[in-house]
Amino acid sequence: VCGQPLPDKGRCSHYRKSKRWFRFPCCQKLYPCNTCHDLDQDHPYTYAQRHVCGMCSREQAIMPLCTGCNHAFEPDQHKGAFWEGGQGMRDKTKMSRKDTRKHK
């Protein structure tokens, strides 16, 4: 129902921080992730172009913010963390000087 959150706010056991469901164009069904789709369907998934917000259940094109409730789907990656978005690079200027991995 539009305006009400999805079950468990759209999370699944594979991606606990994701708060959205995807509409897969191959079968026009909603699933929390591609793994959930593949476990339920007998065909491989195709990339989703639309998603449903886990907070307000509004379907929309994939964007970083929800158009209904302004929920941020993508976390701010530069909030002082030294890990560069999971790319495997560490920014030594943001690491603690006490971190033993800084000088390796």
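The values are calculated or read from the model by the stated rules, or taken from the named source; none is laboratory data. Every value quoted in this text rests on a predicted model; they were computed, and no experiment measured them. Don't worry about glycine lacking a Cβ; one is built from the backbone with ideal geometry, like all the others, and counts go over all protein chains shown. For accessibility, only protein heavy atoms count, side chains too; no ligands or nucleic acids. Shrake-Rupley method; radii C 1.70, N 1.55, O 1.52, S 1.80 Å.
Suppose we keep only residues that are touching a Leu at 6+ places or on another chain (Cβ under 9 Å) and either modelled with pLDDT of 90 or more or within 15 Å of Phe22 (Cβ to Cβ) (or both) within the stretch 52-90. Which one would you say is surrounded by the fewest Cβ atoms within 10 Å (Cβ to Cβ)?
Glu74
Just need a number here: residues in the stretch 6-40 that are modelled with pLDDT under 85 and open to solvent by 80 Å² or more (accessible area, probe 1.4 Å).
So the answer is 5.
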